[in-house]
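*Asks:* Before I ask anything, let me first share the structure, which is written out below as structure tokens.
Laboratory data are not the source of any read-out in this text; all were calculated from the coordinates shown. On a predicted model such as this, the values are computed, not experimentally measured, just so you know. Here the Cβ is made from the backbone with ideal geometry for all residues, glycine too, and neighbour counts use every protein chain on show.
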């Protein structure tokens, strides 16, 4: 069930050992640290504790929670994280954005 829900709601995420998670590739430390800060803030705000593994060009986000209902919160937090991390200015936007 979780794999089907992931494919529908969070297609870039994976299911592993009872948890959902994501891997984000970046162009270096600056972008990786921004992703980590965003994920950390959103996970705390959603009460969806997590571990984050970081490297120069990416981060791995495997959520962990011992509280009941953690899968529901994991999906909700995942959707919010995906919105923030994947956001880019639209074509013709007043915001120029960057190459990352």
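*Asks:* What spacing in nm lies between the two simple spin-label points modelled at residue 96 and residue 15, each 7 Å away from Cα in the Cβ direction?
*Replies:* 4.4
*Asks:* A further question follows. Once R0 is set to 25 Å, what does the formula 1/(1 + (r/R0)^6) return for the Cβ-Cβ distance between residue 83 and residue 56, expressed as a FRET efficiency to the nearest 0.05?
*Replies:* Values: r = 25 Å, r/R0 = 1.00.
Approximately 0.50, to the nearest 0.05.
*Asks:* For residue 37 and residue 76 in the same chain, what is the full-extension length gain: residue separation times 0.36 nm, less their Cα-Cα distance, in nm?
*Replies:* Values: separation 39, 0.36 × 39 = 14.04 nm, distance 1.78 nm.
The residue 37-residue 76 span can extend by a further 12.3 nm.
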